[in-house]
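Notes to accompany the following structure.
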Amino acid sequence: MLLEVNGLTTKYGSISALRDVSLSVGAGEVVGLIGPNGAGKTTLLGSIAGLLSPSDGSVEFEGNSVTGHAPDKMLKAGLALVPEHRRIFVDLTVAENLRIGGVTVPKSDRAGLLDEMAELFPVLRDKWDTPAGFLSGGEAQQLAIARALMSRPTLLMMDEPSLGLAPVLVDVVFDLIEHLRDQGRTLLVVEQNATRMLEVADRAYVLRSGSVVAEGSGADLRSRSDLFDTFVGGAE
Ligand SMILES: Nc1ncnc2c1ncn2[C@@H]1O[C@H](COP(=O)(O)OP(=O)(O)O)[C@@H](O)[C@H]1O
Ligand SMILES: [Mg+2]
């Protein structure tokens, strides 16, 4: 497995937001992570990406222990995160945002990566020199994903990429996930939109109150009517 998470526990103060969570992602897999608001999905991605320090458990990436490594080290190792709410630089242009995403790759590779992003994201190519603050929500989300891809990640993690987007743009995001899957990329995607996610995922994990309560293929989980309440969400 490319990513192996074992028995991960992460606390905010004395409260455990993740309890003994184990999960794996194989090379070339698209793995979904679903569950209601407050289930611990963002905490889990943050604990893998090095933004949060787990109090127990381990994270292995490409066979090496990377538990508690700093985010920049994780990025260099090939693990990129598209954070919740995108966090692009609104005063910088689209191209400048992308160049920042490429700082960890050799300079000689960056031009080629920019060309690749222009091809993958035609809407961005048309706004190359536009400050990112002028982009629509859907364009901004594509920029956030493109910026993460500029680091040429072995594993790309996305936190709620369709959140807050109009239905037509939700389609764009899921089409993109499918396209990235078809390119053979490895993805770990947090989504509130469970039905759509289970359609594109090879496998998925269902998180609830900080624990994994179900895992399986997308098709298996879609047939689990007992999980329906968890899928449709609602705050905990
Ligand atoms: N910075 C924080 N400080 C304290 N509690 C937090 C913090 N961030 C998240 N939590 C709590 O941890 C739990 C999991 O949150 P989160 O990982 O954001 O869930 P999800 O992404 O599934 O909605 C929630 O109960 C939330 O209130
Ligand atoms: Mg979240």
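The values are calculated or read from the model by the stated rules, or taken from the named source; none is laboratory data. Worth saying up front: this structure is predicted, and the values here are computed from it rather than measured. FYI the Cβ positions are ideal-geometry reconstructions off the backbone, even for glycines, and counts take in every protein chain you see.
The rows are residues; the columns are (1) touching a residue at least 60 places away in the same chain (Cβ under 8 Å); (2) within 16 Å of ligand 1 (Cβ to nearest atom); (3) basic (Lys, Arg); (4) touching a Leu at 6+ places or on another chain (Cβ under 7 Å).
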{"residue": "Glu160", "(1), (2), (3), (4)": "yes, yes, no, no"}
{"residue": "Leu163", "(1), (2), (3), (4)": "yes, yes, no, no"}
{"residue": "Pro167", "(1), (2), (3), (4)": "no, no, no, no"}
{"residue": "Asp171", "(1), (2), (3), (4)": "no, no, no, no"}
{"residue": "Asp175", "(1), (2), (3), (4)": "no, no, no, no"}
{"residue": "His179", "(1), (2), (3), (4)": "no, no, no, no"}
{"residue": "Arg185", "(1), (2), (3), (4)": "yes, no, yes, yes"}
{"residue": "Glu191", "(1), (2), (3), (4)": "yes, yes, no, no"}
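Cβ-Cβ below 7 Å, separation at least six or inter-chain, first residue in segment 35-63 and closer than 23 Å to Arg196 by Cα, second within 8 Å of ligand 1 (Cβ to nearest atom) and part of a helix (DSSP H, G or I): which pairs?
Within 7 Å, the pairs are Gly35/Lys41.
Name the single residue that is surrounded by the fewest Cβ atoms within 10 Å (Cβ to Cβ) among those in segment 78-103 being away from ligand 2 (no atom under 16 Å from the Cβ) and part of a loop (DSSP other than H, G, I, E, B).
Asp91
Taking the stated definitions as given, is Leu51 surrounded by fewer than 17 Cβ atoms within 10 Å (Cβ to Cβ) and out of contact with any Asp or Glu (no Cβ under 7 Å at 6 or more places or on another chain)?
Taking the combined requirement at face value, the residue satisfies it.
Working only within segment 1-55, note down all residues that are near ligand 1 (Cβ under 8 Å from one of its atoms), more than 20 Å from Met158 (Cβ to Cβ) and in a strand (DSSP E or B).
Tyr12, Ile15
Just one of the numbered conditions (1) in a helix (DSSP H, G or I); (2) touching a strand residue (DSSP E or B) at 6+ places or on another chain (Cβ under 9 Å); (3) modelled with pLDDT of 95 or more is not true of Leu75; which one?
Unmet for Leu75, out of (1) in a helix (DSSP H, G or I); (2) touching a strand residue (DSSP E or B) at 6+ places or on another chain (Cβ under 9 Å); (3) modelled with pLDDT of 95 or more: (3).
When the residues of segment 217-236 are filtered to those that are over 18 Å from the mean Cα position of the chain (by Cα) and surrounded by 16 or more Cβ atoms within 10 Å (Cβ to Cβ), which remaining residue is modelled with the lowest pLDDT?
That would be Gly233.
Hey, among the residues in segment 17-53 that are among the polar types (S, T, N, Q) and within 16 Å of ligand 2 (Cβ to nearest atom), which one's modelled with the lowest pLDDT?
Among those that are among the polar types (S, T, N, Q) and within 16 Å of ligand 2 (Cβ to nearest atom), it is Asn37.
Can you tell me which residues in segment 159-186 are on the phi > 0 side of the Ramachandran plot and among the charged types (D, E, K, R)?
Glu160
Of the residues in segment 188-203, how many are away from ligand 2 (no atom under 16 Å from the Cβ) and buried (at least 23 other Cβ atoms within 10 Å of the Cβ)?
The qualifying residues number 2.
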